[in-house]
Amino acid sequence: MPTISMFYGIIIRMYCSPGEHNPPHIHAYYQGDVAIIDINSCEILEGKLSPRQVKLVLAWAEIHKDELLADWELVSKGELPFPVEPLK
């Protein structure tokens, strides 16, 4: 699963496999916690992160929604996603 961004100790990854299941989503990792975030709605589908990290990841996902959806198209075809600029 390629890492597409890292910021404030948070690692963002996206599975890379043909026919990856919908909805389009990312995986966020922080200190042993994992959350799966829907790209379109910017909501947590599964898992958990601390409240501060949730705010950071959801803000980042909202800012980069178009890039994340473009990456989703790539990974659903089995191609590698492009890196996405970290939150600053």
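The values are calculated or read from the model by the stated rules, or taken from the named source; none is laboratory data. Quick caveat, the model's predicted, so the values are computed rather than measured. Here the Cβ positions follow ideal geometry from the backbone for every residue, glycine too, while neighbour counts run over all protein chains shown.
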Candidate set from region 4-17 (those that are in contact with a strand residue (DSSP E or B) (Cβ under 8 Å, 6 or more places away or on another chain) and at pLDDT below 95); member that is nearest to residue 59 (Cα to Cα):
14
Yes or no: region 44-62 includes at least one residue that is surrounded by fewer than 16 Cβ atoms within 10 Å (Cβ to Cβ), within 12 Å of the chain's Cα centre (by Cα) and of a type in the set (Val, Ile, Thr).
no
Could you please let me know if residue 41 is assigned to a strand (DSSP E or B) and not acidic (Asp, Glu)?
no
Pairs returned, first residue in region 44-62 that is touching a residue at least 24 places away in the same chain (Cβ under 8 Å), second residue that is among the polar types (S, T, N, Q) and surrounded by 11 or more Cβ atoms within 10 Å (Cβ to Cβ), beta-carbon separation under 9 angstrom, 6 or more apart or interchain, are 60/5
Of the residues that make up region 3-25, is at least one without any contact (Cβ under 8 Å) to a residue 40 or more places away in the chain and in contact with a helix residue (DSSP H, G or I) (Cβ under 7 Å, 6 or more places away or on another chain)?
no
Kindly check whether there is at least one residue in region 18-38 that is among the small types (Gly, Ala, Ser), outside any helix (DSSP H, G or I), within 12 Å of the chain's Cα centre (by Cα) and at pLDDT 95 or above.
yes
Output the residue which, of all residues in region 26-43 that are in contact with a helix residue (DSSP H, G or I) (Cβ under 6 Å, 6 or more places away or on another chain) and not aliphatic (A, V, I, L, M), is surrounded by the most Cβ atoms within 10 Å (Cβ to Cβ).
30
Hey, can you tell me all the residues within region 49-66 that are in contact with a helix residue (DSSP H, G or I) (Cβ under 8 Å, 6 or more places away or on another chain) and either basic (Lys, Arg) or not in a helix (DSSP H, G or I) (or both)?
49
All but one of (1) at pLDDT below 95; (2) assigned to a helix (DSSP H, G or I); (3) surrounded by fewer than 20 Cβ atoms within 10 Å (Cβ to Cβ) hold for residue 72; state the number of the condition that does not hold.
(3)
